[in-house]
Amino acid sequence: MSTAVPSAERASILLVDDREDNLTALEAVLGTLNEPLVRARSGEEAMKALLRQSFAVVLLDVRMPGMDGFETAANLKRLDQTKDVPIIFLTGAEGDSDYAFRGYATGAADFLTKPFDPWVLRAKVNVFLELHRKNRQLELLLAREQKQLGGMAELLAAIEDELVRERPGDAGDLRLRLTALEAIVRDMGRGRR
């Protein structure tokens, strides 16, 4: 069974850490997921990256100079464009005991302590990738249904106009429009299965 994901469904992962060795380690662990990995060396860089493109998940180091992970996450959650992007906080074992609480309070979806198990990290990120794909599929389905509903509304308006004009002699045209409307409804029913 092929696990290749069509390019339209690929989802980027944002890696945010001020240390090069940590970014390299994250890339080594997540490279097998075959999704685009984007690096940011600070909270400021992360914000810029998130405003330029969409991401399925952000892996965010807690302790960074300048804007730390908590401040970065708080800023992300305030913006409509980025508020729904899941964040996995990463921190060293010597981190403060209330980091996990602060992380979840800031809107984190998960929290891992370094050194982390590569299999666990990969599995957690994969869950968010799959959720991102499913959300994208739902968005496309909704857009298709909206288009179909727009077509139905136009047909109904045309039928209503015809009935208002009370021209029973054009019943054939009215039947064609009703048949087209029935076809759209059937297509919408097939799309939900």
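Observations
- Looking across Asp21, Asp98, one residue alone is more than 19 Å from the chain's Cα centre (by Cα) and at pLDDT below 90. It is Asp98.
- Residue count for region 46-62, restricted to those that are within 22 Å of Tyr104 (Cα to Cα) and without any contact (Cβ under 8 Å) to a residue 40 or more places away in the chain: 3.
The values are calculated or read from the model by the stated rules, or taken from the named source; none is laboratory data. Here the structure is a predicted model, which means the values were calculated and not measured. A quick note on method: Cβ atoms are made from the backbone with ideal geometry, for glycine too, and the neighbour counts reach across all protein chains shown.
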